[in-house]
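Please read the structure below before turning to the comments.
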Amino acid sequence: DFLQDEKKADLINSYLFFIEKENNLKPVLFPQEKKIYKSLDELLDKLENEKKLYRETEIKIRFGSESVNEETKKIYICPFTGKVFGDNTHPNPQDAIYDWVSKCKENTERIGGLKSKRFFVSEDPEIIAKYITKRKEPITKIVFSSVITGKLFNSKKAVIDDFKKHHVKFLTLMEVQNQNKFQIEDSLLKFIEKNLTEEKIKNFVNLLANYKEFEPYLEQWVG
């Protein structure tokens with residue numbers, strides 16, 4: 001398939017394609033380091049060992065805000081839903097209650113075809129006390145932050161999935177060999193040096209010579 005797709009593929013590139021598939025290689029570029037690694041797993045192991053992939057951290061989660069508390073002196077109440085606004089927990093409680101009842105789905109009262117703006121007001125401490133609810137205490141949760149972006153994720157797996165999706169690029173062995181912009185990591189470089197020898201390329205040619213379908217390519221490469 002490679003030779004059919006690459007009509008002018010030369011011997012070296014064809015050989016690189018062959019050893020890439022034979023060894024199940026999937027080189028990966030990590031642009032942040034300007035370096036190409038032998039595999040994604042190798043890169044991930046390195047970053048995890050160096051603590052350059054994610055950090056464990058704590059966040060506090062609060063549950064809503066109080067509408068009424070012990071300091072509240074006046075409240076505005078929606079008669080249709082019980083929604084309440086306190087004079088010390090909302091910057092404009094009267095405007096807020098007007099806005100609420102005018103949009104409230106449960107408000108079916110109409111005056112002149114428009115929704116009623118009716119609401120209750122109370123300064124009675126005993127009435128106000130009935131609307132005081134104890135807010136849940138905030139909880140602490142362990143999450144993970146990406147070292148690269150600083151974004152928070154719920155799990156290590158989510159950090160790694162994001163890293164795979166946005167911060168690496170898979171290359172072919174041919175692309176690795178034919179570029180000079182990025183450094184090649186040692187294990188991948190040693191693999192290339194070990195396999196890209198005259199003797200091994202000759203063995204590759206001899207292997208292909210056993211198959212008639214490769215004759216046109218061999219004639220092109222070795223004459």
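Every read-out reported here was derived from the displayed coordinates using simple, explicitly stated rules and does not represent laboratory data. A quick note: this is a predicted structure, and the numbers were derived from the prediction, not measured. Neighbour counts are summed over all protein chains in view; Cβ atoms, including those assigned to glycine, are modelled from backbone coordinates with ideal geometry.
For S145 and N24, what is the calculated FRET efficiency with R₀ set at 45 Å and r taken between the beta-carbons, to the nearest 0.05? All intermediate terms of the calculation are to be shown ahead of the outcome.
On the way: r = 33 Å, r/R0 = 0.73.
After rounding, the FRET efficiency stands at 0.85.
With a 10 Å Cβ neighbour count serving as the proxy for reagent exposure, in which order, fewest first, do R110, R135 appear?
Values: R110 9, R135 13.
Fewest to most other Cβ atoms nearby, the residues stand as R110, R135.
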### Task
Note the listed values (i) 34.2, 103; (ii) 23.9, 77; (iii) 17.6, 53, then indicate which one is Rg and Dmax of the Cα atoms in Å calculated from this particular structure.
(i)
### Task
Report the residue, chosen from Y37, Y15, Y76, that carries the largest GNM mean-square fluctuation when the chain is represented by alpha-carbon nodes joined by springs under 10 Å.
Y76
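What is the order of I160, I59, fewest Cβ neighbours within 10 Å to most? Don't skip to the end; give the middle numbers.
Numbers: I160 19, I59 12.
By the 10 Å Cβ count, ascending: I59, I160.
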### Message
Cut-off 10 angstrom, C-alpha nodes, Gaussian network model of the chain. Which of I77, I36, I192 fluctuates the most?
### Response
I77
### Query
Quick one: if you stick a label point 7 Å off each Cα along the C-beta vector at Q177 and T108, how many nm between them?
7.9 nm
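Give me the dipole magnitude in Debye, nearest 20, for the chain about the Cα centre, with unit charges on the beta carbon: positive for Lys and Arg, negative for Asp and Glu.
Values: 39 positive and 37 negative charges, 205 e Å.
With only Lys, Arg, Asp and Glu charged at Cβ, the dipole is about 980 debye.
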### Query
In nm, to one decimal, how far is the K130 label point from the L207 one, both placed 7 Å along Cα→Cβ?
8.6 nm
